[in-house]
Amino acid sequence: MSVMGKSFDKWFNVFILAGMSVALVLATALKFESASAGRWMLLVSAFGSLMGVLATVASANGRIITFLFGLLDVSIYGVMCFIGQKYGNALLHFLYFVPMQFVGFTQWRKRGESEEKKVNARRLSARLRLWCGAGLVLGSSAVFVALRLSGAPGDTAIYDAISVVCNVIGQLLMSTAYMEQWYFWIGVNISSIVMWSITLAGDPGSSYALIYIIKYSFYLINSFNGLRIWLKTSRAGEEDTSRTSAD
């Protein structure tokens, strides 16, 4: 990577972390008085969101510490989703994301991540991309139907379903170090912003929803940067593999 590229990555990370921290402090301060009985939820949500941003920044840069921050983030977020009646996302985080942090840690170690080196990124084959696309469409449809049958509000069920399936595929691809994870994280972030915006609009007292709107907005910005970095590193990995095969 060029000196200019490294400098950009450094300052972009500073922007994401500093911007998220300032936004969380301001949002928490503004909503703290009106939150009344939900003040503890507001504070816990803010802490979990900060851990999540640390996780996404570390992930974009191919650093294994992402799984430590991620474990804190997904555990807290699962509790908040359950309280906010986003049952699909709540179950997803408890039953899938928590154990996948340990799977990801193990897999990234196997793929060469160390203090001196980022994880060896790779790309899906055309056939696997097709399977992922089909899984997104079919999975989102099935989860949407299941959520509606369970009584979930219709105006958030569709975004909850898309978020659930993008999360599942994205986490699997992340844990196995595939570049295409970032397309699914972008889907997660957009659907989550819409989902929590609907919650806040329908119940202004749900102050913690604002925290998650801010969180996923910063996630969305970072996911485009993660896609940029992983496109480059996965391309380099493919070239190294080709040279090794030729030798």
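The values are calculated or read from the model by the stated rules, or taken from the named source; none is laboratory data. On a predicted model such as this, the values are computed, not experimentally measured, just so you know. Methodologically, a virtual Cβ is constructed for each residue, glycine included, from the backbone with ideal geometry; neighbour enumeration extends over all protein chains shown.
For the stretch 23-52, which residues satisfy the criterion of being loosely packed, with under 12 Cβ neighbours inside 10 Å and either at pLDDT 85 or above or in contact with a strand residue (DSSP E or B) (Cβ under 9 Å, 6 or more places away or on another chain) (or both)? Within the stretch 23-52, no residue meets the criteria. Screening residue 78 on (1) at pLDDT below 90; (2) within 27 Å of residue 211 (Cα to Cα); (3) surrounded by fewer than 14 Cβ atoms within 10 Å (Cβ to Cβ) shows it passes everything except condition (3). Taken residue by residue, the stretch 138-145 has no member that is under 20 Å from residue 179 (Cβ atoms), at pLDDT 90 or above and surrounded by 17 or more Cβ atoms within 10 Å (Cβ to Cβ). One residue alone among 89, 61 is modelled with pLDDT under 90 and under 23 Å from residue 10 (Cβ atoms), and that residue is 61. Within the stretch 112-123, is there a residue that is closer than 28 Å to residue 201 by Cα and basic (Lys, Arg)? Within the stretch 112-123 (the criterion being closer than 28 Å to residue 201 by Cα and basic (Lys, Arg)), the answer is no, since none of the residues qualifies. For the condition among the polar types (S, T, N, Q) and at positive phi, residue 101 does not qualify.
For every residue, the table says whether it meets (1) basic (Lys, Arg); (2) in contact (Cβ under 8 Å) with a residue 24 or more places away in the chain; (3) surrounded by 18 or more Cβ atoms within 10 Å (Cβ to Cβ).
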residue	(1), (2), (3)
69	no, no, yes
74	no, yes, yes
91	no, no, no
94	no, no, no
101	no, yes, yes
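If you go through the stretch 148-166 and pick out every residue that is over 19 Å from residue 201 (Cβ atoms), in contact (Cβ under 8 Å) with a residue 24 or more places away in the chain and surrounded by fewer than 22 Cβ atoms within 10 Å (Cβ to Cβ), you end up with 1. Please tell me if residue 193 is in contact with a helix residue (DSSP H, G or I) (Cβ under 8 Å, 6 or more places away or on another chain) and in contact (Cβ under 8 Å) with a residue 40 or more places away in the chain. No: the conditions fail for residue 193.
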